[in-house]
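The values are calculated or read from the model by the stated rules, or taken from the named source; none is laboratory data. These numbers come from a predicted model, not from an experiment. Cβ atoms come from the backbone with ideal geometry, glycine included; neighbour counts cover every protein chain shown.
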Amino acid sequence: MGSDVTPEPAGDAPGAGPTTAIALRILLVCATRHGSTVEVAEAVAEELRACGDEVDQRPAAEAPGPAGYDAVVVGGPMIMGWHRQATKYIKQHRRDLEGLPTALFITAASLTETGETDVQGVPIFKDPWLAKAPRDAARLSRKERYAMPQHYLGDVLKKAAPLRPRRVAFFAGSLDLTTMNILEKLFVLLVVGATPGDGRNWKAIREWGAGLDEVLRA
């Protein structure tokens, strides 16, 4: 006489054990002026690795093409436009990147908060330490207009087309005037109106990095 116990089905049934996602192989490309943005990239990489992903972090000037990777993240600072090496990388590889989950992050010294959650349909994350409300939302100053997300990212998206990143983050960066030439100093002080110092918000950076695995898998 056979047993009256019905065996549990395999697969997603109780007792089958958790399903483990396959690790993503992620290329993290970073451009920097004096190293502070590399430290941001390292924090993002640590969070992705904590999710079980494999992260290959490379300087933008030496980074390989995206072939062989499952996803790509590109980051760099915004001073007089986005760092030229970050821009060069996405322009050079934009056709290949178009077919891969891609995310960008931008470190900046100023960002005007006008309530948008996307730029041209691309979802954005704004570091609360960086984004500042304008004095008068109805009459933005020249500096406030310059520091709007759509101004910063609009130019990047134009150069990256047809690439459409899945997510873009704006983080406060570190601004050291002693490392800049006179033109850059005048630009960040008079045009951007930035305050020198290290404004990096590690909590926001790590939270974004921790959620990036899900974004790149979607």
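Taking into account only those residues within region 186-200 that are over 16 Å from A147 (Cα atoms) and surrounded by fewer than 15 Cβ atoms within 10 Å (Cβ to Cβ), which is modelled with the highest pLDDT? For region 186-200, the residue satisfying everything is D198. Considering the conditions (1) free of Cβ contacts under 8 Å to residues at least 60 places away in the same chain; (2) closer than 13 Å to Y152 by Cβ, R84 is excluded by exactly one of them, (2). G173 meets the conditions (1) of a type outside the set (S, T, Y); (2) within 21 Å of I79 (Cα to Cα); (3) at pLDDT 95 or above in every case but one. The failed one is (3).
Would you call E54 over 23 Å from R164 (Cβ atoms), charged (D, E, K, R) and touching a residue at least 12 places away in the same chain (Cβ under 8 Å)?
Values: over 23 Å from R164 (Cβ atoms): yes; charged (D, E, K, R): yes; touching a residue at least 12 places away in the same chain (Cβ under 8 Å): yes.
It is true that E54 is over 23 Å from R164 (Cβ atoms), charged (D, E, K, R) and touching a residue at least 12 places away in the same chain (Cβ under 8 Å).
Cβ-Cβ contacts under 9 Å between residues 6 or more apart (or on different chains), taken from a first residue in region 33-44 that is buried (at least 24 other Cβ atoms within 10 Å of the Cβ) to a second residue that is polar (S, T, N, Q) and in a helix (DSSP H, G or I), are absent. Those residues that are crowded, with 20+ Cβ neighbours inside 10 Å, over 27 Å from R33 (Cβ atoms) and among the hydroxyl-bearing types (S, T, Y), I need them from region 92-147; list them, please. Residues satisfying the conditions do not exist here. May I ask you to list pairs of residues, at least six apart or on different chains, whose Cβ atoms are under 6 Å apart, with the first in region 141-154 being free of Cβ contacts under 8 Å to residues at least 60 places away in the same chain and over 27 Å from R166 (Cβ atoms) and the second being surrounded by 15 or more Cβ atoms within 10 Å (Cβ to Cβ) and not acidic (D, E)? These pairs meet every condition: K143/G193; E144/T112; E144/P134.
Considering region 66-81 alone, what residues qualify as being in a loop (DSSP other than H, G, I, E, B), modelled with pLDDT of 95 or more and closer than 19 Å to V156 by Cα?
Restricting attention to region 66-81, the residues satisfying the condition of being in a loop (DSSP other than H, G, I, E, B) are 66-70, 80.
Among the residues that remain, those that are also modelled with pLDDT of 95 or more are: 66-70.
The answer is P66, and nothing else.
Once region 37-56 is narrowed to residues that are under 15 Å from A204 (Cβ atoms) and small (G, A, S), the residue that is nearest to the chain's Cα centre (by Cα) is A41.
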